[in-house]
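J.: Here it is: the structure, laid out below.
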Amino acid sequence: MDNKAKSQSEKYDYQNHWNNAYQKNPLTNLGWYEEKSEQSFNLIEACNLPKDALLFNAGAGATTLISDLLSAGYTNIMVNDISSVALSELKKNIHIRKHASVNFLLDDLTNPTQLLKLKNVDLWNDRAVLHFFTEKQQQIQYFNLVKSAVKKGGYVILSEFNLEGAKKCSGLDVFNYDSAMLQERLGNEFELLKSFNYTYTQPSGNPREFVYTLFQRKE
C-alpha cells in the first residue's frame with residue numbers, strides 16, 4: 001500500500017461505515033448474517049469452559065451467537081463493536097432478563113481506549129473482523145490487544161476470509177489469512193488446537209470462504 005492510499009485509509013470513518021451498514025439494511029440481509037453461528041458456537045463449547053468464564057466477542061455486531069451463548073448458560077459475556085447501531089440492534093434481540101449477563105463495549109480494536117483495560121479473558125472470539133484490518137499497524141495493534149487481554153490457558157478463536165476467499169467485503173478491502181499466518185501473528189506462546197476451512201453462504205446466496213482457527217495460550 002502506497003503512502004497516499006495509507007493516508008486515505010487512516011482518515012476513513014469506519015464507525016460511520018458500519019453504522020450506515022446496520023441502518024440501511026435489515027439484519028437478515030447483511031452479508032455476514034448467520035441465523036445460527038454453529039462453527040463459532042461449537043468451537044467455544046469445545047473449550048469446555050465454566051459457564052462464568054469471560055467470553056469476549058470482538059467486533060460482534062448484532063450476531064445471533066450471543067443469544068445462543070446465553071441459552072447455553074454462559075453468564076459473563078462481553079460484546080465489543082465500533083458501531084453503536086449494531087450494539088443497539090443486538091440489545092433489542094437479547095431477552096431483557098438476560099442483559100445482566102452481557103456487557104457492551106463500544107470501542108475501536110485498532111485504536112482502543114477502554115479495551116486497553118481488558119484483562120483475564122478466558123476466550124476471545126472474532127468472526128470476520130480481523131480481515132478488515134489491512135494495514136500493518138492495525139494488525140499489530142489488534143494482536144497486541146489479544147496478547148494483553150487473554151490469560152494463560154485462555155483461548156482465541158479467529159475466523160477470517162481464507163486465502164481463496166473474497167478480497168473485498170461491504171465495500172472494503174480485506175486481508176486474507178490461513179492458519180499458519182494467524183499462528184505467526186500470535187506467536188509461539190499460543191498453540192493451534194484446531195483449524196478448518198468453511199464455506200459460508202451469504203443471505204444473497206454468494207459463497208464466502210473462511211478459515212476457522214482455535215488457539216490456546218500456553219500456561
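The values are calculated or read from the model by the stated rules, or taken from the named source; none is laboratory data. Owing to the predicted nature of the structure, the values given are computational and were not obtained by experimental measurement. All Cβ positions, glycine included, derive from the backbone under ideal geometry; neighbour counts span all protein chains shown.
J.: Could you list, in sequence order, the residues of segment 174-217 that are touching a Phe, Trp or Tyr at 6+ places or on another chain (Cβ under 8 Å) and of a type in the set (D, E)?
T.: E191, E209
J.: Still on this structure, I have one more. Which of the residues that make up segment 184-197 are in a strand (DSSP E or B) and either under 25 Å from N144 (Cα atoms) or hydroxyl-bearing (S, T, Y) (or both)?
T.: F190, E191, L192, L193, K194, S195, F196
J.: Restricting attention to segment 198-219, and to residues there that are under 12 Å from E34 (Cα atoms) and not in a loop (DSSP other than H, G, I, E, B), which single residue is modelled with the highest pLDDT?
T.: If we take residues in segment 198-219 being under 12 Å from E34 (Cα atoms) and not in a loop (DSSP other than H, G, I, E, B), then Y200 is modelled with the highest pLDDT.
J.: Does segment 157-174 include one or more residues that are part of a strand (DSSP E or B), within 19 Å of A46 (Cβ to Cβ) and touching a residue at least 60 places away in the same chain (Cβ under 8 Å)?
T.: Within segment 157-174, one or more residues are part of a strand (DSSP E or B), within 19 Å of A46 (Cβ to Cβ) and touching a residue at least 60 places away in the same chain (Cβ under 8 Å).
J.: So, K92, is that one closer than 21 Å to A53 by Cβ, assigned to a helix (DSSP H, G or I) and over 13 Å from the mean Cα position of the chain (by Cα) or not?
T.: Spelling it out, it is not the case that K92 is closer than 21 Å to A53 by Cβ, assigned to a helix (DSSP H, G or I) and over 13 Å from the mean Cα position of the chain (by Cα).
J.: Hey, can you tell me all the residues within segment 67-97 that are among the charged types (D, E, K, R), within 19 Å of N16 (Cα to Cα) and surrounded by fewer than 22 Cβ atoms within 10 Å (Cβ to Cβ)?
T.: E89
J.: Are any residues in segment 124-151 under 18 Å from S179 (Cα atoms), touching a helix residue (DSSP H, G or I) at 6+ places or on another chain (Cβ under 9 Å) and not in a helix (DSSP H, G or I), and if so, which ones?
T.: If the condition is that a residue be under 18 Å from S179 (Cα atoms), touching a helix residue (DSSP H, G or I) at 6+ places or on another chain (Cβ under 9 Å) and not in a helix (DSSP H, G or I), then W124, N125, D126, R127, V129, F133, T134 are the ones that fit.
J.: For the structure I just gave you, tell me whether T110 is modelled with pLDDT under 95 and either touching a strand residue (DSSP E or B) at 6+ places or on another chain (Cβ under 7 Å) or buried (at least 22 other Cβ atoms within 10 Å of the Cβ) (or both).
T.: No.
J.: While we're looking at this one, here's another question. Of all residues being over 17 Å from the mean Cα position of the chain (by Cα) and among the small types (G, A, S) in segment 34-81, which is farthest from P203 (Cα to Cα)? Just the residue, please.
T.: Selected residue: A53.
J.: Could you tell me whether any residue of segment 42-57 is surrounded by fewer than 22 Cβ atoms within 10 Å (Cβ to Cβ), closer than 23 Å to Q216 by Cβ and small (G, A, S)?
T.: yes
J.: Here are the criteria: (1) at pLDDT 80 or above; (2) assigned to a helix (DSSP H, G or I); (3) touching a strand residue (DSSP E or B) at 6+ places or on another chain (Cβ under 9 Å). Tell me which single one N16 does not satisfy.
T.: Every listed condition holds for N16 apart from (3).
J.: Now, a different point. Restricting to segment 182-219, and then to whatever is out of contact with any strand residue (DSSP E or B) (no Cβ under 8 Å at 6 or more places or on another chain) and buried (at least 16 other Cβ atoms within 10 Å of the Cβ), can you tell me which residue is nearest to V156 (Cα to Cα)?
T.: Only one residue fits best here, namely R185.
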